[in-house]
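Following: one structure in structure tokens, then a few remarks.
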Amino acid sequence: MEYRARSVPLVRSSDALVALGGEAGTMIEALMAYAMGKPVIVLTGLGFSSDKLELAFPNAFDRRMTAQVTYTNDVRLAAQAACSGRSPPPASSWVGEDV
């Protein structure tokens, strides 16, 4: 499958989408997941264009608030949010091991 065609089956088959830093394709997938009502977790602080999603859309990708959008710069909190289906707790309340 051509890389540009992967987005629809990838997003449709997911329970949540975690954007691990990326460019236009990653942002399209995040917006597509949101439009399909799937939680979106964006890992920020990686220096990719997807870091700017938080500046453009701090709370939701549009006023319909179709799905939850969570931003974090902590990979553990991103994984926790993806696996639990809930927003991660604030970083200050994390009591995990330091990496």
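See the values below:
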item	result
Gyration tensor verdict on the stretch 3-86 (Cα atoms; rounded if a/c is under 1.5, prolate if a/b is larger than b/c, oblate otherwise)	rounded
Taking Leu55, Leu46 and counting other C-beta atoms within 10 Å, the order from fewest to most	Leu55, Leu46
Neighbour-limited loop hits for GluC sites (Glu not before Pro), the stretch 1-82 (at most 13 other Cβ within 10 Å; DSSP other than H, G, I, E, B)	Glu2, Glu23
Relative contact order of the stretch 3-86, pairs being alpha-carbon contacts under 8 Å that are 6 or more residues apart, as %	30
Mean Cβ count within 10 Å, highest first, over the residues of peptides 11-19, 69-77	69-77, 11-19
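The numbers here are math on the coordinates, done by the rules we state, and not lab data. No experiment lies behind these values; they were computed from the predicted model shown. Cβ sites come from the backbone with ideal geometry, for glycine too, and all protein chains shown count toward neighbours.
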